[in-house]
Amino acid sequence: MNKKLILVTSPPACGKTYISKQLAKRLKHVVYLDKDTLITLSKQIFVVAGEEYNRSSDFFEENIRNFEYDCIVELALEALEYDDIVLINAPFTREIRDMNYINNLKEKLKEKSANLVVVWVETSPEIVHKRMIERNSDRDTWKLENWDEYIKSCNFEIPNNLDDPNVKDDLLIFKNNNENEFENSMKSILEILD
């Protein structure tokens with residue numbers, strides 16, 4: 001079996017966490033990592049810096065965001081030494097559209113004899129809004145209070161730049177607007193990954 005780093009990606013509140021956990025439970029030999037686990041540390045950085053907790057702020061962008069991604073990827077690369085599949089649940093919204101980032105990550109994965117798989121969660125902005133309200137998380141406070149501004153900053157387009165027609169599992173689309181889409185996508189993606 002080829003080792004794999006699976007990135008489950010999309011804008012926030014598309015259903016990444018639920019999908020990631022369900023995929024991880026159904027695949028064999030998986031290390032599951034969730035970037036949101038790092039939020040505890042990130043919140044402390046806001047406190048120490050005397051900044052208001054706002055994951056959409058300039059302070060977050062300049063001092064925290066990229067370091068969270070660096071940390072979770074380093075953990076994943078290390079975990080590939082010990083198991084066949086590492087699955088990261090994180091938006092990666094900028095990174096997956098940056099081919100320099102992707103190519104650099106693929107080079108690091110080659111050293112681990114691993115391939116990159118991106119699972120893009122496709123969900124409509126209307127469903128995202130509803131789910132964000134329902135999850136009632138403090139990380140979404142600014143987003144919900146400034147919904148129109150926030151949603152304009154989100155890119156819901158499939159990152160087709162990742163799709164190589166010669167590779168069957170480099171970009172997989174997980175449709176997640178309703179239960180039927182979820183079940184069909186789960187089945188088809190597991191068939192490809194197994």
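Taking θ as phi - 60° and the Karplus parameters 6.51, -1.76 and 1.60, the scalar couplings of region 138-147 work out to 5, 5, 9, 3, 4, 4, 6, 5, 10, 3 Hz in sequence order, x denoting glycine and proline.
Summary of the geometry: region 20-78 and region 155-194, compared by the centres of their Cα atoms, lie 23 Å apart.
Loop-only check: which GluC sites (Glu not before Pro) in region 126-194 are DSSP coil with at most 16 other Cβ within 10 angstrom?
The qualifying sites are 157.
A simple spin-label model places the labels of residue 161 and residue 83 3.0 nm from each other, with each point 7 Å out along Cα-to-Cβ.
Tell me which trypsin sites (Lys or Arg not before Pro) from region 1-88 have a DSSP coil assignment and no more than 16 other beta carbons within 10 Å of their own.
Sparse-neighbourhood loop trypsin sites (Lys or Arg not before Pro): 28.
Within 10 Å of each candidate Cβ there may be at most 11 other Cβ atoms; applying that plus a DSSP loop requirement, which GluC sites (Glu not before Pro) in region 21-68 survive? Those satisfying the criteria are 52.
Using C-alpha pairs under 8 Å with a sequence gap of at least 6, the mean separation divided by the residue count of the chain gives a relative contact order of 33 percent.
Among 115, 166, 104, the residue with the largest mean-square fluctuation in a Gaussian network model of the chain, with springs joining Cα atoms closer than 10 Å, is 166.
Rg over Rh for region 30-70 works out to 1.02, both radii taken from alpha-carbon positions and Rh defined as the Kirkwood radius.
Amide H contacts of residue 3: 115, each under 5 Å away and 5 or more positions distant or on a separate chain (H built 1.01 Å from N in the peptide plane; Pro and chain starts excluded).
No lab work stands behind these numbers, since they all come straight from the coordinates. No experiment lies behind these values; they were computed from the predicted model shown. Backbone-built Cβ (ideal geometry, glycine too); neighbour counts: all protein chains shown.
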